[in-house]
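Values quoted throughout were computed directly from the atomic coordinates according to the rules given, and no laboratory measurement underlies them. Quick caveat: nothing in here was measured; it's all calculated off a predicted structure. Neighbour counts are summed over all protein chains in view; Cβ atoms, including those assigned to glycine, are modelled from backbone coordinates with ideal geometry.
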Amino acid sequence: MVTSNLRLPSLTVKTIHVHPGHDIFSIPVSQFPAPKQETETILAFLSAVIDELRTRKKFAAEVFIKVSECRHDGAGAQLAEHGREWQPRLGLGVWPDRPTPTRWTKDELENLAPGERPRNMMDTVLYLGGEPKAKDEAWRSMLGVGALIIVLTTAPSAAFLNKTKQVLQPMLVSRPFKSFPLYVPLFDSKSFRAATLEQLSLWFCGAEVRPK
């Protein structure tokens, strides 16, 4: 594993080479959600990267928001304002390298200390659909509200969502979590470092950016 850095105005892009053809790009920020100036820098960088990739292939953006990490006060108002164009739909985020979600047990709830919150049961997501132009507008507008997931794929939206359901739904054990209308894989740097190339290829559900 090799790490390298690229300087942006006030920020640094850290590149971690995990496997041949698979890299992690990390941009540490001063806090989360990021301040406006840092968000604008990241937006400019991501826009340039995506625009460059689209000169090579016809990539479309599939956009998801991780609900539990949506911490910006104005996020709900933005979603309500653009609901008709963005067509938000509820789904479930699945960590392929972690234990599958389970419901709270009676013992868990009874043993909570005063003021203690129960563990996070699952990671719900909002899928922002609509036309391709609306999806691009959605991720640019919602960047900075919390955990935003942008997946670039050449497959039609329906085909990509069918693939994620085909791959991720069988990983779930408890029946209530198998009933969500759509799914998206969730990763962190540990996921990439521990996974094999074969696992990554499966978990990406067909959304891979290959070099020329």
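Brief remarks on what is shown
- Projecting the Cα atoms of 64, 100, 79 onto the charge dipole of region 59-103 (Cβ charges, centred on the Cα centre) puts 100 farthest toward the positive pole.
- Centre separation in Å (Cα based) which lies between region 87-113 and region 143-212: 18 Å
- A Cβ-based charge dipole, computed about the Cα centre of the chain with Lys and Arg at +1 and Asp and Glu at -1, lands at about 500 debye.
- Region 98-212, dipole about Cα centre (Lys/Arg Cβ +1, Asp/Glu Cβ -1), debye to the nearest 20: 260 debye
- Were the residues from residue 169 through residue 81 laid out at 0.36 nm apart, the gain over their Cα-Cα distance would be 28.5 nm.
- Here the extension length gained between residue 199 and residue 47 equals 51.9 nm, from 0.36 nm per residue of separation less the Cα-Cα distance.
- Extension gain from residue 190 to residue 100, taking 0.36 nm per residue of separation minus the Cα-Cα distance: 30.7 nm
- With neighbours defined as other Cβ atoms within 10 Å of a residue's Cβ, the residues 68, 179 order from fewest to most as 179, 68.
- Under 16 Å from a label point set 7 Å out along the Cα-to-Cβ vector of residue 39, the amide N atoms of region 68-101 belong to 69-82.
- Relative to the longest principal axis of the Cα atoms of the chain, helix 157-168 runs at roughly 50 degrees.
- Looking at region 10-92, the trypsin sites (Lys or Arg not before Pro) that sit in a DSSP loop and have at most 16 other Cβ atoms within 10 Å of their own Cβ are 56, 57, 58, 71.
- Value of [θ]222 nm, deg cm²/dmol, for the chain, DSSP H segments ≥ 4, -39500 (n - 2.57) each, nearest 500: -9500 deg cm²/dmol
- Estimated translational D of the chain in µm²/s (Stokes, Kirkwood radius over Cα pairs; 20 °C; 1.002 mPa s): 114 µm²/s
- Loop-located GluC sites (Glu not before Pro) across region 107-212 with a Cβ neighbour count of 14 or fewer within 10 Å are 116, 208, with loop assigned by DSSP.
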